[in-house]
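The values are calculated or read from the model by the stated rules, or taken from the named source; none is laboratory data. It should be emphasised that the depicted structure is a prediction, and the values quoted were computed from it without experimental measurement. Here the Cβ positions follow ideal geometry from the backbone for every residue, glycine too, while neighbour counts run over all protein chains shown.
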Amino acid sequence: MFDHIKQDYHAYAGRWGEQGFWVMLVYRFGRWRYHVRPALLRKLFSLIYKLMYKFIQIVTGIELPCEVKVGKNFVIDHFGGIVISGYASFGDHCRIRNGVVVGLKSVEDPKAPSIGNNVDIGAGAKLLGNIKIGNDVIIGANAVVLVDVPDHSLAVGVPAVIKPRRPVETMRE
């Protein structure tokens, strides 16, 4: 747990006052409690986690349950209105902003997006259903993504249109 918290601290550039960092602290504690033995002690930590989770959800407006799989350097850039389904998963070096929803398309199909590495999700974006977001992808602000997004792509619009990203070398010219 402490190694993950140290990585999160570095991902937030040492800014311990960031609401996203607070959310990650509670998230890491929630994941850690699953490994606590004996069961009675784990139940006590589970109660503490549930209270902290609800408090941080009210204070920050961010819902990140400990069931979500999150990779290294996961950063929540701005707080407020962020809802992430417990069925979702994120790779390494992902960044999300305010108003993002990563969740189910319908309650009858409890599957949420699987997000790759180096994904940047813009403010207000909605990613819904059993979809796969590839590596090195940018999801534009307010995009509604309902289909798979391949590696090295850009998803923009409502519903999202998938476009290939230009290589970094081309963008600098």
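If only one of ASP92, ASP120, ASP109 is at pLDDT 95 or above, within 28 Å of GLY157 (Cβ to Cβ), surrounded by fewer than 16 Cβ atoms within 10 Å (Cβ to Cβ) and acidic (Asp, Glu), which one is it? Explain how you work it out, then say what you get.
Numbers: ASP120 fails: surrounded by fewer than 16 Cβ atoms within 10 Å (Cβ to Cβ); ASP109 fails: at pLDDT 95 or above.
Just one listed residue meets the conditions, ASP92.
Among the residues of region 1-24, which ones are assigned to a helix (DSSP H, G or I) and under 14 Å from PHE79 (Cβ atoms)? Spell out how you get there, then give the answer.
Within region 1-24, the subset assigned to a helix (DSSP H, G or I) is 2-11, 19-24.
GLN19, GLY20, PHE21, TRP22, VAL23, MET24 - these are the residues of region 1-24 that are assigned to a helix (DSSP H, G or I) and under 14 Å from PHE79 (Cβ atoms).
Hey, LEU47 hits all of (1) under 24 Å from LYS6 (Cβ atoms); (2) at pLDDT 95 or above but one; which does it fall short on?
(1)
What are the pairs with Cβ atoms under 8 angstrom where one residue, in region 46-58, is assigned by TED's automatic domain parsing to the domain that holds LEU25 and the other, located anywhere, is β-branched (Val, Ile, Thr)? Sequence gap at least six, or different chains.
Listed pairs, sorted by first residue: TYR49/VAL26; MET52/VAL26; TYR53/VAL26; ILE56/VAL23; ILE56/VAL26; ILE56/ILE62.
Pick from VAL107, VAL145, VAL101: which is out of contact with any Leu (no Cβ under 6 Å at 6 or more places or on another chain), assigned by TED's automatic domain parsing to the domain that holds GLY81 and closer than 16 Å to SER89 by Cα? So that I can check it myself, show each step before the final result.
Working: VAL107 fails: closer than 16 Å to SER89 by Cα; VAL145 fails: out of contact with any Leu (no Cβ under 6 Å at 6 or more places or on another chain).
One residue alone meets the criteria, VAL101.
May I ask you to list the residues in region 28-51 that are touching a Phe, Trp or Tyr at 6+ places or on another chain (Cβ under 7 Å) and in a helix (DSSP H, G or I)?
Filtering region 28-51 down to residues touching a Phe, Trp or Tyr at 6+ places or on another chain (Cβ under 7 Å) leaves 29-30, 33, 36, 49.
Matches in region 28-51: PHE29, GLY30, ARG33, TYR49.
In region 17-25, is there at least one residue being within 10 Å of the chain's Cα centre (by Cα) and in contact (Cβ under 8 Å) with a residue 60 or more places away in the chain?
no
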